[in-house]
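So the structure is just underneath, and the comments pick up after that.
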């Protein structure tokens, strides 16, 4: 009887499922006519929802034949409601075009969909706070602070979550998936120079703080950020900029396929004509800056990008760029030199600092969507990089006659591959997204050098000179399970393998040394979405602190990938429609913090460390046109197991690690074309040495941006340091000696921050 009942139930249910339909759609951006990813798509009749993928596509399966209401929304685009009819045993195909519209926080949903990948903060910020200079690119990551201390051409010093990251030691930066960081760099491990990116081309940034993403490996200890350049230009443009201190800048972007892409010729579904884009852009900058010693700063950027189809289901994106920069620098100056009147606040001790750098890149990306909705990604990248920097941090400490100027120099070829395969399946009510990937990167340097020089022309002594061959191969597996409409689990694991080779060319007979090591990094994350206004999450993961090849080889690969464990407990909330809040309490433990000091060719061991803090991000829409934002970031960074000094003072402070930072401001965007932003940034005082006897002073700086846009032009005004405060952008407790001093002295050496600095711009579109 039981078996008969089951057989009867099967007969009844089979025709029911046989007549279910499917709904497949694609969403396009009206301005570019290209697919739009990350669009929220809801079947309001059933409560089902999904997001569009990289190809702008979405699908719903197992639908009872009926008429359905689709709701589509995306930050910065006008929402749409569409009615569609799903029929028996058929796949209904629909295309939707979204047009840009003022940002409305009421349309931002806290969703359980792809909770691990949500980028609500960055999407809001990029729409409300356009990037106007290269420094603003990095500041798009909430809580990330930067400081320039070598004339504008050197990579910025980076601070995040209680880390003084130097120039990129423990933060992974990339642009369109291509690495920015240079490992085992002449100046220091992880050196990340973002100046080859044209700010006007940045479309968005994906980021996450902490080692919680299985796809991100080396350098992603404090976090990672991937900046995305525009796939297409809305319109061609030319921008001219002029400012104080002999500052001039010109930017141009030419949309090469605008006529073909907007003509409507070709079949959009096939992607043969209407889904192609290509553009070329260039930037030239010159400035003498505000230092007493003119910078004579020059920078040239050129970028070209093509996006199109190599098949009905495969998108191809090719990007090529080249960059060159040259500058003079005033360097860091000691407090005592300014206080005694020896130099002014913007003066210099060694006027012969400066440098030049260049980088040429090729980046090829292929994304294939299979008929079964699987996603295959392939990426190949290559960079040719050159770097030469002259600095003098200690003045006459070591050489009282010639001074202590150093040259750091290298030539590098970097190439690699990123590949992944993703599938989506449904098991009962749960949805499973499985991703596996492999990554490969190899850096080959020639003539990585540290030398003692004089006046940039005479080499007095070579302290380090050799070639580096560093290989990093990684593999990862990631599972994202939407258990219910409210509960999501993410679990992942990755393995990284490093092989480091160093050829010491200072020896009469150059010798090659090699070391290898591998490390396993598991990740586990939980997300619980109570409703469209409240989500709780727990992120946990293991990462590692990687090291310079010149550290790895002498230690025979032992203990050179110390583990880093992190966790975040957070909440994303919308107490009411126009207020968005993200709060996270976090903790980080690092087994060992090796630091290779490229300026001195020495290794510093700071031992175990722990950091804990709270991050708060708030976005609030005060009116239809006025928005407020606030970021508050606290940290308590300390070394572990360090004994007190002879004076009884704690010796467990981490020098220059930020303890409290805050960024905030008001942004205005009106329908009449006027927009503006008044912002502040604050970094509290922090220890400059291990016992906090020397303190790096706090600063509070305001910036102003304003623009007026009509159909074919934009007038802009940018003011840095609006109230002309005197502040120190970077500070170090450095032992140095001025000419004539009998003994070295340890005090704060600093680079002055910009005074009031105004720039006007005119942009013309066609």
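Bear in mind that the values in this text are calculations on the coordinates, not laboratory data. Please read these numbers as outputs of a predicted model, since none were measured by experiment. FYI the Cβ positions are ideal-geometry reconstructions off the backbone, even for glycines, and counts take in every protein chain you see.
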Suppose we keep just the alpha-carbon trace of the stretch 673-766; what are its Rg and Dmax in angstrom? 19.9, 66
Rounded to two decimals, the Rg over Rh value of the stretch 70-204 from Cα coordinates and the Kirkwood Rh reads 1.11
Sum of -39500 (n - 2.57) over DSSP H runs of 4+, divided by residues of the chain (222 nm, nearest 500): -1500 deg cm²/dmol
Theoretical FRET efficiency, 1/(1+(r/R0)^6), r = Cβ-Cβ of residue 378 and residue 726, R0 41 Å, to 0.05: 0.20
Rg to Rh for the stretch 19-101: what is it, with Cα atoms only and Rh by Kirkwood? 0.97
For a footprinting-style exposure proxy, rank 560, 694 by other Cβ within 10 Å, fewest first. 694, 560
Using only the alpha carbons of the stretch 690-733, determine the length spanned along each of the three principal axes and report them from longest to shortest in whole angstroms. 58, 18, 10
So if each residue of separation counts as 0.36 nm, and I subtract the Cα-Cα distance between residue 206 and residue 680, what length gain in nm does that give? 168.3 nm
So for the chain, averaging the separation of alpha carbon pairs under 8 Å that are six or more residues apart and normalising by length, what relative contact order in percent results? 10 percent
Roughly how compact is the stretch 393-489, stated as its Cα Rg over 2.2 N^0.38 Å to two decimals? 2.04
For the pair residue 335 and residue 514, how long in nm is the line joining their label points, each one 7 Å along Cα→Cβ? 5.0 nm
Dividing the convex hull volume of the alpha carbon atoms of the stretch 302-399 by its residue count, what do you get in Å³ per residue? 163 Å³
So what is log10(I(q)/I(0)) for the stretch 343-453 at q = 0.13, 0.18, 0.24 1/Å, when the Debye sum runs over its Cα atoms only? -0.71, -0.95, -1.21
Can you put 182, 683 in order, fewest other beta carbons within 10 Å first? 683, 182
Label model pair residue 456, residue 505: point-to-point distance (7 angstrom along the Cα→beta-carbon line) in nm is 2.2 nm
State, as an integer percentage, the relative contact order of the stretch 178-225 based on alpha-carbon contacts under 8 Å between residues 6 or more apart. 26 percent
With a Förster radius of 30 Å, plug the Cβ-Cβ distance of residue 59 and residue 531 into 1/(1 + (r/R0)^6) and report the FRET value to the nearest 0.05. 0.75
Nearest 10 degrees, 0 to 90: what angle lies between the long axis of helix 2-18 and the longest principal axis of the chain (Cα atoms)? 70 degrees
Footprinting exposure proxy for 280, 349, 748 (fewest neighbouring C-beta atoms within 10 Å first): 280, 748, 349
Tell me, in nm to one decimal, what length is gained between residue 94 and residue 242 on full extension, where the rule is 0.36 nm per residue of separation less the Cα-Cα distance? 48.5 nm
Theoretical gain in end-to-end length, residue 618 to residue 583 [0.36 nm per residue, Cα-Cα removed]: 11.7 nm
Two-decimal ratio, the stretch 561-618, of alpha-carbon radius of gyration to 2.2 N^0.38 Å: 1.71
Give the label of the value calculated from the structure for semi-axes √(5λ) of the Cα gyration tensor in Å, choosing from (i) 47, 30, 26; (ii) 119, 36, 23; (iii) 105, 45, 22. (i)
Taking 2.2 N^0.38 Å as the expected size of a compact globular protein, what ratio does the Cα radius of gyration of the stretch 190-243 give against it, to two decimals? 1.51
